[in-house]
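J.: Before anything else, here's the structure in question.
Just so it is clear, none of the values below were taken in a lab; they were calculated from the coordinates. Here the structure is a predicted model, which is why all the values come from computation and not from measurement. Glycine gets a Cβ as well: all are built from the backbone with ideal geometry, and neighbour counts include every protein chain shown.
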Amino acid sequence: MSRLLRWGRPALIVAVLAFGAVFPLVYTNALTTTYAIDTLIFVGGVVAWNMFSGYSGYISLGHAVFFGAGAYTVGLLALHHKVLGSTAFWLLPLGGIAGAVIAVPFGLIALRARRHTFVVITIAVFFIFQLMAFNLAFTYGNGGVSTPFASWDPATYNNPYYYAALVIAVGAIALSWLIRGSRFGLQLLAIRDDEDRARGLGVRAMRVKLAAFVLSAFVTGVVGGLWVLFIGQALPETAFNPAYDLSVALMGFLGGFGTLWGPVLGALILEPLQQEITQRYTSGYAGEIVLGGLFLLVILFLPRGLLPTGQEWVTKLGAWRDRRGRPRRDSGTAAPGPAVAGAGAGAAAGAAERPGAGGAR
Amino acid sequence: MARSLYEAIIDGVLGGGVYALMAVGLTLIFGVLDIINIAQGILVVLAAYLSYVLSVHLHIDLFLGLLVTVPAMFLVGVTIQVLFMRPLRGRERVSMSLLASYAVAIILEGVLYAVFGPGTVQLNAWYVTKGVQVLGGPQPYYLPYIYLFGFGLAVLLVGVIYVVLYRTQFGRSVRATMQDQTAARLIGIDVGRVAAVTFGIGVAVTAVGGMVFGSLNAFNANSGYDLISRLLAIIILGGLGSIGGALAAAVFMITVESVVDIWSPSWSVVVFYAALILVLTVKPTGLFGKREARAQ
């Protein structure tokens, strides 16, 4: 069992990566790969959101600003310079930079406020940007921006996008993992637990929050850039989409807010579901009702998300087996990952109160 | 120039009064429950549709219809609080409640869209089309009666809320709960009931807001976003939980928007939010807000 825990995680990651790499070769159906690309785009988006909101506890409902900024930057550059095919992927970092540049003043204003006020400011900034996309001359107003079509073989047209999305998603997860294990990440988690105490202990809160905000914005901008290349068109209401903010938050909370893998899980479950609903009921409102209903169910019954709740159940099961007196082979060796596993129900209760601090990774 | 400065200011102040009423509901809910009800915008639209159904299908006058829609919206508010807000517990309660009300908002939006379709409608009555002449001269300006009636009703209701809060036993319980929930519970206040009733009152005012909004603007299920973003800007500008701040901010913001609208209709809304951000860079707690307490 302990060996399983030690080797299980890397083995699982390798297996998932391998599956991801061969996926478009096995499932060649264009609709399937389209679903897969959308899902990977959201994996990148939600991991980016989580590396700021999840780790710092500041819930942003304005990340669509960075998504849209990345989309418009890449879209406009591709349009004006006639960038075609896989060359266009080199524009993606510029989309990220656009997001990051916007995030600096945005963060400097918004991060001075906390809790509700922060959330509301992010919403207000979001609406300003959507209105600007509608009204400014260079964004072409209602008509939006269309990127030139790549002249790829229709049979494998989706594949380059798929691999680009996979690389971005994996890169985002790797960045999130690096942050979570670093001193910087610990400072973020300390801010989430108690900002004033963290400041008292010498964390430069504003600097740390802003850095996380900008990093998160950069990744979101890259994701938005890829999205516009894939979809081929950015409209003010689709690039700066309030549903994006909500979807990302929902995926994060469903999987496990502030954990490393929870948001990935949330995106992998929700995005295909949403695509399927949209596909089946062509009108948008059915998807909205389902999204909202799911959200309420998650908040009411799984407030800590699938991953932390699952780990808690595993721990409880272990404690129950301990009480039954059945010997557990791995009770002595400490499991490296979830620190709460193997400990009693008391530790689980402690972790329940402070999800950011302990186990769930 | 399509409209004169006077017209813009009159429109802004009167329209601002109606926004003030909706914003007072929102800020009241925040003060007592520590929840920002993102669904407030779509609830205004829901109320407007209720008025629409009553007036078009049952031929009930809009103001008379309020006798039905106000209690109906009160019940909607209590239901939302009891079903979705009350069960929330623990560390992330604040963010969870925000997201839960957002979820309620998009469900309502979807339902309204499914029932009424994407087309816009507008409420109609004699006082919507007829007006009183305010300015003489070469460009006479007619102010629709609904502006005056709506403003009057809004002022009246804000006054009622004020009296209830400061002159009744229930109001004392509400203010005690606003100050310190634990202490309020200890001196025997039924905090759960206060929370439910406050949420109900905060939502009930959308019945009036929705009726006036629906008379002045063509609306559909999408109008909720526009409303809630304005209301949020207003209560943040006024300082969260401050009723007087909400009143002042509503009149100020809607007037500014209305005046900028003379020169550039497409940018007036941006100016609206820019004003908010400008104030927040100077004073992060809003105009009349108190310093925010330690998180949680």
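J.: By how many nm would the segment from A:THR156 to A:TRP177 lengthen if fully extended, with 0.36 nm per residue of separation less the alpha-carbon distance?
T.: Values: separation 21, 0.36 × 21 = 7.56 nm, distance 3.21 nm.
Net length gain for the segment: 4.3 nm.
J.: So if we plug the beta-carbon distance of B:ALA274 and A:ARG323 into 1/(1 + (r/R0)^6) with R0 = 56 Å, what FRET efficiency do we get, rounded to 0.05? Mind dumping the intermediate values first?
T.: Values: r = 62 Å, r/R0 = 1.10.
That gives a FRET efficiency of 0.35.
J.: Hey, what's the Kirkwood Rh for segment B:211-292 if you take every pair of different alpha carbons, in angstrom? Let's see the in-between values first.
T.: Working: mean 1/r = 0.0750 Å⁻¹.
It is 13.3 Å.
J.: In a solvent-free Debye calculation with one equal scatterer on each Cα, what is log10 I(q)/I(0) for chain B at q = 0.07 Å⁻¹, listed in the order of the q values?
T.: For chain B at q = 0.07 Å⁻¹, log10 I(q)/I(0) is -0.26.
J.: Still on this structure, I have one more. Points 7 angstrom from Cα along the Cβ direction at B:ALA114 and B:TRP267: gap in nanometres?
T.: That separation, rounded to one decimal, is 4.3 nm.
J.: Inverting the mean 1/r over all pairs of different Cα atoms, compute the Kirkwood radius of segment A:26-247 and quote it in Å.
T.: On the way: mean 1/r = 0.0566 Å⁻¹.
Computed over Cα pairs of segment A:26-247, the Kirkwood hydrodynamic radius comes out at 17.7 Å.
J.: Shielding by partners for B:272-279, please: the mean number of other protein chain Cβ atoms within 10 Å of each residue's Cβ.
T.: Details: counts 4, 9, 2, 0, 5, 8, 1, 0.
Neighbouring Cβ atoms belonging to other protein chains average 4 per residue here.
J.: Cut-off 10 angstrom, C-alpha nodes, Gaussian network model of chain A. Which of A:LEU175, A:LEU25, A:LEU12 fluctuates the most?
T.: A:LEU12
J.: For segment B:198-211, take each phi angle, set θ = phi - 60°, evaluate the Karplus expression 6.51 cos²θ - 1.76 cosθ + 1.60, and give the result in whole Hz per residue in order, putting x for glycine and proline.
T.: Couplings: 4, 4, x, 5, x, 7, 4, 5, 5, 4, 5, x, x, 5 Hz.
J.: Given Cα positions, please report Rg to Rh for segment A:122-190, the hydrodynamic radius being the Kirkwood one.
T.: Numbers: Rg = 19.1 Å, Rh = 16.3 Å.
Reported Rg/Rh, Kirkwood definition of Rh: 1.18.
J.: Would you mind checking segment B:267-287 for residues with the amide N under 13 Å from a putative spin-label position 7 Å along Cα→C-beta of A:LEU108?
T.: Flagged as within label range: B:281-282.
J.: In whole Hz and in residue order, list the ³J(HN,Hα) couplings for segment A:211-228 that follow from phi through the Karplus curve 6.51 cos²θ - 1.76 cosθ + 1.60, θ = phi - 60°; x for Gly and Pro.
T.: My calculation for segment A:211-228 gives 4, 5, 4, 5, 4, 4, 5, 4, 4, 4, x, 4, 4, x, x, 5, 4, 5 Hz in order.
J.: What nm distance separates the two modelled labels at A:LEU25 and B:LYS283, each placed 7 Å from Cα along Cα→Cβ?
T.: A separation of 6.5 nm, rounded to one decimal place.
J.: What order, most packed first, do the peptides A:91-97, A:196-202 have when packing is the mean number of other Cβ atoms within 10 Å of each residue?
T.: Descending mean neighbour count gives A:91-97, A:196-202.
J.: Further, regarding this structure: Could you work out the mean count of beta carbons from other protein chains within 10 Å of each residue's beta carbon in A:240-246?
T.: Values: counts 0, 0, 5, 1, 0, 1, 6.
Mean shielding by partner chains, rounded to a whole number: 2.
J.: So, how do all the Cα-to-Cα distances of the protein assembly as shown break down into 10 Å bins, in percent, from 0 on up?
T.: It works out to 3, 15, 25, 25, 18, 10, 3, 1, 0, 0, in whole percents.
J.: I'd like to compare B:244-254, A:292-302, A:219-229: which one has the highest average count of other Cβ atoms within 10 Å, and what's the full order after that? All intermediate terms of the calculation are to be shown ahead of the outcome.
T.: Details: B:244-254: 23.5, A:292-302: 18.0, A:219-229: 31.2.
Ranked from most to least packed, the peptides come out as A:219-229, B:244-254, A:292-302.
J.: Compute the distance in nm between two label points, each set 7 Å from the Cα along the Cα-to-Cβ direction, one at B:LEU186 and one at B:TYR6.
T.: Taking the simple label geometry, B:LEU186 and B:TYR6 are separated by 5.9 nm.
J.: Give me Rg/Rg_expected for segment A:36-89, where Rg uses Cα atoms only and Rg_expected = 2.2 N^0.38 Å with N residues. Don't skip to the answer; put the middle values down first.
T.: Working: Rg = 14.0 Å, N = 54, 2.2 N^0.38 = 10.0 Å.
Scaled against compact globular proteins, the figure is 1.40.
J.: With a cut-off of 17 Å, note down the residues of segment A:120-161 whose backbone N falls inside the zone around a label point 7 Å from the Cα of A:GLN233 toward its beta carbon.
T.: Answer for this model: A:134, A:139-150.
J.: Gaussian network model of chain A, Cα springs within a sub-10 Å range: biggest mean-square fluctuation belongs to which of A:VAL47, A:VAL22, A:VAL104?
T.: Comparing A:VAL47, A:VAL22, A:VAL104 in a Gaussian network model of chain A, the most mobile one is A:VAL22.
J.: Tell me, rounded to the nearest percent, the portion of alpha carbon pairs in segment B:159-206 spaced more than 17 Å apart.
T.: Details: 331 of 1128 pairs.
Counting every Cα pair in segment B:159-206, those more than 17 Å apart make up 29 percent.
J.: At a 10 Å Cβ-Cβ cut-off, how would you order A:LYS82, A:LYS316, fewest neighbours first?
T.: A:LYS82, A:LYS316
J.: Please identify, among A:TRP90, A:TRP49, A:TRP261, the residue showing maximal mean-square fluctuation in a Gaussian network model of chain A using a 10 angstrom Cα cutoff.
T.: A:TRP90
J.: Let me confirm one metric for peptide B:219-230, namely the mean number of other chain beta-carbon atoms within 10 Å of its residues' beta-carbons.
T.: Mean number of neighbouring Cβ atoms from other chains: 2.
J.: With the alpha-carbon atoms as the only input, what is the per residue convex hull volume for segment A:167-296 in Å³? Don't jump to the answer; show the numbers that get you there.
T.: Values: hull volume 16.1 nm³, N = 130.
Residue-normalised Cα hull volume stands at 124 Å³.
J.: Suppose R0 equals 41 Å. What FRET efficiency, 1/(1 + (r/R0)^6) with r the Cβ-Cβ distance, do A:GLN279 and A:PHE184 give to the nearest 0.05? The partial results should precede the final answer.
T.: Working: r = 41 Å, r/R0 = 0.99.
Computed FRET efficiency for A:GLN279 and A:PHE184: 0.50.
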